[in-house]
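Let me begin by presenting the structure, written as structure tokens, before commenting on it.
The values are calculated or read from the model by the stated rules, or taken from the named source; none is laboratory data. Being a predicted model, the structure only gives us computed values, none of them experimental. No Cβ is skipped: glycine too gets one built from the backbone with ideal geometry, and neighbour counts run over all protein chains shown.
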Amino acid sequence: MNDSQTAFAGSVAVNRGPIGDVAANAGAIVVTNYGDDSLTVVRPHAVAVPTHIEVGGEPVAVALTDDRAFVVTSSADADTLAIVDIRTNALVGSYPLAFTVTAVAASPDGKRAYAARAGHDHVDIAVVDTTADRVGTIDIAAGAATSIDGLAVDPSGSSLYVGVSTATGSRLVVVDTETARARTSVAIGAPIRDLAVAANGTVYVLTSDLHSRGSIKVVDPARPAVTAVMAAGTLPIGMALSADGSRAYVVDYDQVTVFCTLTHEVAETITVGARPTAIALSTTGDRLYIADVDGQVTALRVPAPAPTYSPFDAAAFADVRELAQV
């Protein structure tokens, strides 16, 4: 990788086949293994082997709060939202959902989970209230060729951002989580691949297709409007935003590109060994985790708002494939 503010911190082999998605908080990394219908919990702050949890279907996507993982699984019977307590590694809830689930997000307090669904002629959001143990619905759009390819909740939990793609374009829909109604929408253009929300409310929308290639649209939801556009590689598939919103980390075919959101320039290009499939930042903001097709998670040190320490640097796991101090 290039000489810069990022540095290799360690890697761990999950050994469950290709990883589909990854999420992280201050104390855990959670990955989905679609090859054997399992979820793996890796604890960078403990010298312990990863814990594998069977989830009863092919895990499609995962969202993580302080103590719970919300996992979308797909099986021949139904798509399901499974809730796992990552402190005890126990399955604590399961909600079968109609239609095909394409994305998941959770409120910061973990009391609500949002699952994007695609029916034969419409898309909507299933809202799982984990406290009341009930499921509601937010209608988003109609159309046979419509899909939801990204969900993100703002830090306050009051707004849900929905990336809606159709055969003719895409839009960012802003939903009021208290009224369960769409508040406004912003035209984006190319198919949406991922969303991220900064602490100040700015929304970053990753798009890509063969015609327009990759780009990041910067959206001010208060206006609402696209205020800037950054070129972002060839066919990017995922994005993570730094804790202070100053950097966007974008996964492309064989690399991770770091963009400065202030200057809209490429700050760094990180070449990885295997093709990356997903990316996540720890909630402390100082570790970037890259999952790949070989079933490995690589950790990088990245700039954080304040100095923090993670034992990932020292000796994190019994089955670490490679660990180096930089």
### Query
Which of the residues spanning region 95-132 are of a type in the set (D, E, K, R) and either in contact with a Leu (Cβ under 8 Å, 6 or more places away or on another chain) or under 24 Å from Asn25 (Cβ atoms) (or both)?
Asp109, Lys111, Arg112, Arg117, Asp129
### Ile83 vs. criteria surrounded by fewer than 22 Cβ atoms within 10 Å (Cβ to Cβ), in contact (Cβ under 8 Å) with a residue 12 or more places away in the chain and hydrophobic (A, V, I, L, M, F, W, C)
yes
### Query
Somewhere in region 220-232, is a residue under 21 Å from the mean Cα position of the chain (by Cα) and either of a type in the set (Asp, Glu) or within 24 Å of Ser107 (Cα to Cα) (or both)?
yes
### Query
Does Gly143 satisfy the criteria of being of a type outside the set (A, V, I, L, M), in contact with a Phe, Trp or Tyr (Cβ under 8 Å, 6 or more places away or on another chain) and at pLDDT below 95?
no
### Task
Output yes when any residue across region 308-323 is touching a Pro at 6+ places or on another chain (Cβ under 9 Å) and at pLDDT 90 or above, and no when none is.
no
### Query
Which one is farthest from Ala278 (Cα to Cα), of the residues in region 203-240 that are among the β-branched types (Val, Ile, Thr) and surrounded by fewer than 16 Cβ atoms within 10 Å (Cβ to Cβ)?
Thr227
### Query
Given the structure, is Thr257 closer than 27 Å to Thr283 by Cβ and either over 20 Å from the mean Cα position of the chain (by Cα) or of a type outside the set (A, V, I, L, M, F, W, C) (or both)?
yes
### Message
Of the residues Val266, Val218, Val256, Val251, only one is more than 20 Å from Ser11 (Cα to Cα), among the hydrophobic types (A, V, I, L, M, F, W, C) and in contact (Cβ under 8 Å) with a residue 24 or more places away in the chain; which?
### Response
Val218
### Query
If only one of Thr263, Thr234, Thr269 is part of a strand (DSSP E or B) and at pLDDT below 95, which one is it?
Thr269
### Task
Note down all Cβ pairs under 9 Å where the first residue falls in region 156-172 and is free of Cβ contacts under 8 Å to residues at least 60 places away in the same chain and within 15 Å of Asp139 (Cβ to Cβ), the second is part of a loop (DSSP other than H, G, I, E, B) and charged (D, E, K, R), and they're at least six residues apart or on different chains.
Leu160/Asp154
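Could we say that Gly110 is in contact with a Lys or Arg (Cβ under 9 Å, 6 or more places away or on another chain), of a type outside the set (Lys, Arg), surrounded by 15 or more Cβ atoms within 10 Å (Cβ to Cβ) and in a loop (DSSP other than H, G, I, E, B) here?
Yes, satisfied.
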## Note on the structure
Inside region 93-107, the number of residues satisfying the requirement of being assigned to a strand (DSSP E or B) and within 18 Å of Ala132 (Cβ to Cβ) is 6
### Message
Suppose we filter Asp79, Asp3 for residues that are at pLDDT 95 or above and not hydrophobic (A, V, I, L, M, F, W, C); which single one remains?
### Response
Asp79
### Subset of region 107-132 (residues that are within 20 Å of Leu195 (Cβ to Cβ) and β-branched (Val, Ile, Thr))
Val123, Ile125, Val127, Val128
### Message
Considering only residues that are within 23 Å of Tyr249 (Cα to Cα), of a type in the set (S, T, N, Q) and either surrounded by 16 or more Cβ atoms within 10 Å (Cβ to Cβ) or free of Cβ contacts under 8 Å to residues at least 40 places away in the same chain (or both), which ones fall in region 175-202?
### Response
Thr202
### Query
Is at least one residue of region 124-144 in a strand (DSSP E or B), in contact with a Gly (Cβ under 9 Å, 6 or more places away or on another chain), over 23 Å from Gly238 (Cα atoms) and not hydrophobic (A, V, I, L, M, F, W, C)?
yes
### Summary
Condition set in contact (Cβ under 8 Å) with a residue 40 or more places away in the chain and buried (at least 22 other Cβ atoms within 10 Å of the Cβ), scope region 39-49, selection farthest from the chain's Cα centre (by Cα): answer is Pro44
## Note on the structure
Residue hits (region 1-38; at negative phi, among the charged types (D, E, K, R) and without any contact (Cβ under 8 Å) to a residue 60 or more places away in the chain) are Asp3, Asp36
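Quick check on region 155-174: of everything there that is assigned to a strand (DSSP E or B), in contact with a Ser or Thr (Cβ under 8 Å, 6 or more places away or on another chain) and not hydrophobic (A, V, I, L, M, F, W, C), which residue is surrounded by the most Cβ atoms within 10 Å (Cβ to Cβ)? Outline the logic, then answer.
Here is the first cut: in region 155-174, the residues assigned to a strand (DSSP E or B) are 159-165, 170-174.
From what is left, the residues that are in contact with a Ser or Thr (Cβ under 8 Å, 6 or more places away or on another chain) are 159-160, 163-165, 170-174.
Now drop any that are not not hydrophobic (A, V, I, L, M, F, W, C), which leaves 159, 163, 165, 170-171.
Values: Ser159: 19, Gly163: 27, Ser165: 24, Ser170: 24, Arg171: 20.
It comes out as Gly163.
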